[in-house]
Amino acid sequence: MSDWIHICQLNDIPPLGARRVARASGMDVAIFRDETDGLFALLDRCPHKGGPLSQGIVLGNRVACPLHNWTIGCDGQAAAPDEGCTPSFRLKVEDGQVYLDAQELATHATTQTRPIAGPASHRAACTAS
Ligand code: FES
């Protein structure tokens, strides 16, 4: 059973944009809103070189990274031919209010950091804790 933490109202997230959620530990989580008001949440870290996905453009249930235009799906997977994955987070919307899973927010992917420099990793882990 999940404990949910209230984040914001649906309308606080710009259409085809994102809202960042800071965490006590780990990188921010980005909540994305598509053109049909569908939402998905990912670690705000591109699996390519760590770009801020929250600054990308939402295309359907995907987001285009603002740095090199990789496309990352709502499940965190990079679209082929690119390879990699960023952790995704569970969310729910009730009565126009957006919630994230409190346990995931506190513990999921807290060890991932934004790369400073260097070549891209071809297979960034999705299962980091
Ligand atoms: S860092 Fe996102 S596409 Fe390169």
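The values are calculated or read from the model by the stated rules, or taken from the named source; none is laboratory data. Given the structure is predicted, the values throughout are model-derived calculations rather than measurements. With ideal geometry, Cβ positions are generated from the backbone for all residues, glycine too; neighbour counts draw on all protein chains shown. Just the protein is used for accessible areas: all its heavy atoms, side chains included, with ligands, DNA and RNA removed. Shrake-Rupley method; radii C 1.70, N 1.55, O 1.52, S 1.80 Å.
Check ILE13, ILE7, ILE31 and return the single one that is open to solvent by less than 60 Å² (accessible area, probe 1.4 Å) and more than 25 Å from ALA78 (Cα to Cα).
The conditions single out ILE7.
Taking ASP28 and the conditions (1) more than 16 Å from the ligand (Cβ to nearest atom); (2) more than 17 Å from LYS92 (Cα to Cα), which numbered condition does it fall short on, given that it satisfies the others?
(1)
Do the conditions hold for ALA41, that is, is it open to solvent by 60 Å² or more (accessible area, probe 1.4 Å) and either over 18 Å from ARG114 (Cα atoms) or modelled with pLDDT of 95 or more (or both)?
No, not satisfied.
Tell me yes or no: at least one residue of the stretch 40-61 is over 23 Å from THR110 (Cβ atoms) and charged (D, E, K, R).
no
Within the stretch 46-59, how many residues are of a type outside the set (S, T, N, Q) and under 11 Å from ARG20 (Cα atoms)?
2
Looking at the stretch 63-86 only, could you name the residues that are open to solvent by less than 50 Å² (accessible area, probe 1.4 Å) and either free of Cβ contacts under 8 Å to residues at least 12 places away in the same chain or away from the ligand (no atom under 15 Å from the Cβ) (or both)?
Hit for the stretch 63-86 is ALA64, nothing else.
Looking at (1) modelled with pLDDT of 95 or more; (2) in contact with a Leu (Cβ under 9 Å, 6 or more places away or on another chain); (3) surrounded by fewer than 20 Cβ atoms within 10 Å (Cβ to Cβ), which is the only condition ALA24 fails?
(1)
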